[in-house]
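One structure is given here, and the rest of the page talks about it.
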Amino acid sequence: MSAIRSTHGRPGGPPPAPAPDVQGPAQCHEPRITPIGPADLARTVALHHRCSPQTLWSRYHRAMPDPATYLPTLLTRPGSVHLAVQD
């Protein structure tokens, strides 16, 4: 599709209409940082499944097997603190 140009190099014609707001007004709220533990295993595994291999590599610095095999150990490690962002 070619744009109509004015003699000054700017698009000619009226400005485009704003896109319709199909989701309604934006919900404005602050995300919360919350501690997680063994009870959050299913949600943590689901999060890892949504991550790309590159993201997991940058987090663990190696290829990782199924997250359900290593996350229980990480989430129950004594003295460790795990945080997640929840919106």
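The values are calculated or read from the model by the stated rules, or taken from the named source; none is laboratory data. It should be emphasised that the depicted structure is a prediction, and the values quoted were computed from it without experimental measurement. Cβ atoms come from the backbone with ideal geometry, glycine included; neighbour counts cover every protein chain shown.
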Do any residues in segment 65-80 that are within 11 Å of residue 45 (Cβ to Cβ) and touching a residue at least 24 places away in the same chain (Cβ under 8 Å) have Cβ atoms under 6 Å from those of residues that are in a helix (DSSP H, G or I) and not hydrophobic (A, V, I, L, M, F, W, C), where the two are at least six apart or on different chains, and which pairs are they?
71/44; 75/38
Residue hits (segment 48-75; surrounded by 12 or more Cβ atoms within 10 Å (Cβ to Cβ) and among the β-branched types (Val, Ile, Thr)) are none
So, residue 45, is that one surrounded by fewer than 10 Cβ atoms within 10 Å (Cβ to Cβ) and at pLDDT 70 or above or not?
no
